[in-house]
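Each remark here refers to the structure printed beneath this line.
The values are calculated or read from the model by the stated rules, or taken from the named source; none is laboratory data. What you are looking at is a predicted structure, and each value in this text was computed from that prediction instead of being measured. Counting neighbours? That spans all protein chains shown, and the Cβs are built from the backbone with ideal geometry, glycine included. For accessibility, only protein heavy atoms count, side chains too; no ligands or nucleic acids. Shrake-Rupley method; radii C 1.70, N 1.55, O 1.52, S 1.80 Å.
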Amino acid sequence: NTTKIIKYGFFGFIAEILYLAIKEVHNIIPNWGLSIIILTLLIKIIFFPLTYQSTKSMAKMQELQPKMKAIRAKYKKAKQDIAQRRKMNEETMKLYKEHGVNPAGGCLPMLIQLPVFWGFFRLLIVSIEFRHSPFMLWIADLSVRDPYYVTPILMGITQFISQKMTPTTADPTQQRMMLIMPVIMTIFFMNFPSGLVLYWLTNNVLQIGQQYIMNRIS
């Protein structure tokens, strides 16, 4: 058994699950690049309920911003005064409870994606199946970087679009700072295996479609 011989390292069990899943997909579609796209779609479907709840939570948080600003204005000395800070936190948590908002809800999908991302990374680096495996056109090896940097640039563009479409509770200054993230991620991804970039690019495209639908029905 290949998964018993190969050591995937940290989050290795996720890499093993992904390996078994992608092998099953590849048995039906004998192209490793297309198999990555199909598996990414399946992962997105599995985590859709969580992502949907997270988006709803973020939208509610956005609606509560005026009330949260009023609470912060009420306790101006909260940074220096521990008693005021405690009262401000109590009022904020009460507001969240009244409106059924989970302040950590928006972070959950990203926290879950990180182990899956690392699992894909280890899978593409370690598994021999992806070495010298072409996808299509200029991508001749999914285990090495895109030679023309097309997929990382597309990944950065889709990351930017997805970020702009997603509800946020950040103030305008923080939002402008966050727009730097797609640029930073593009630079990082330029030397990552093209198969990994394909996974993240596909994930972004699916996220844009999902966010568009949720924005229309909400």
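Taking region 37-96 as the range and being free of Cβ contacts under 8 Å to residues at least 40 places away in the same chain, β-branched (Val, Ile, Thr) and surrounded by 13 or more Cβ atoms within 10 Å (Cβ to Cβ) as the test, the residues that pass are Ile38, Ile71, Thr92. Can you find even one residue in region 149-156 that is at pLDDT below 90, in a helix (DSSP H, G or I), under 15 Å from the mean Cα position of the chain (by Cα) and crowded, with 18+ Cβ neighbours inside 10 Å? Scanning region 149-156 turns up no residue that is at pLDDT below 90, in a helix (DSSP H, G or I), under 15 Å from the mean Cα position of the chain (by Cα) and crowded, with 18+ Cβ neighbours inside 10 Å.
The lone criterion from (1) hydroxyl-bearing (Ser, Thr, Tyr); (2) surrounded by fewer than 18 Cβ atoms within 10 Å (Cβ to Cβ); (3) modelled with pLDDT of 90 or more left unmet by Thr168 is number (3).
Scanning region 126-143 for residues that are under 25 Å from Phe13 (Cα atoms) and either touching an Asp or Glu at 6+ places or on another chain (Cβ under 6 Å) or open to solvent by 70 Å² or more (accessible area, probe 1.4 Å) (or both) turns up Ile128, Arg131, His132. Here the condition is being modelled with pLDDT of 85 or more and on the phi < 0 side of the Ramachandran plot; of Ile36, Ile5, it holds for Ile36 alone.
In region 189-218, the residues that are open to solvent by 40 Å² or more (accessible area, probe 1.4 Å) form Cβ pairs under 8 Å with partners that are of a type in the set (Asp, Glu) and at pLDDT 85 or above, at six or more places apart or across chains, as follows: Met190/Asp146. Looking at Tyr19, is it under 30 Å from His132 (Cα atoms), assigned to a helix (DSSP H, G or I) and among the aromatic types (Phe, Trp, Tyr)? The answer is yes for Tyr19.
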